[in-house]
Amino acid sequence: MDSISKKLNDENWEVTLNDSRIVDRDQLYKFRIHTRLFEVGLPVDNILNARPGKTMAVADGFWVMLKPLSPGDHVLHFGTDLSFQRGSTEDGEVSYNLAIR
């Protein structure tokens, strides 16, 4: 495991559904998946601000599968605080508002 992968696995990750933890912090690393190198086509005016056309990419992230949710509104939240060698930190948070009908 390279040092960046180890660092990401050791960080203080949190996954909640409706404010209840759904994955223990020490188990989340089991849900981290990364792909092999693959080809992707970037359109003009892409969000990466990269040159349009074919390029190579990888995907790396935490993938959590949920049981079917009851009808209504739900909030799925991912969060972490990353620390870097020079002492700086950065919070990473994203919430998904799910409306199940």
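Computed from the coordinates by the stated procedures, all read-outs in this text should not be read as laboratory data. These figures come from a predicted structure and were not determined experimentally. Because the Cβ atoms are built from the backbone with ideal geometry, glycine has one as well, and the counts that use them run over all protein chains shown.
Could you please rank 29, 96, placing first whichever residue has the fewest other Cβ atoms within 10 Å of its Cβ?
Starting with the residue having the fewest Cβ neighbours, the order is 96, 29.
For 38, 78, 31, what's the fewest-to-most ordering of other Cβ within 10 Å of each Cβ?
38, 31, 78
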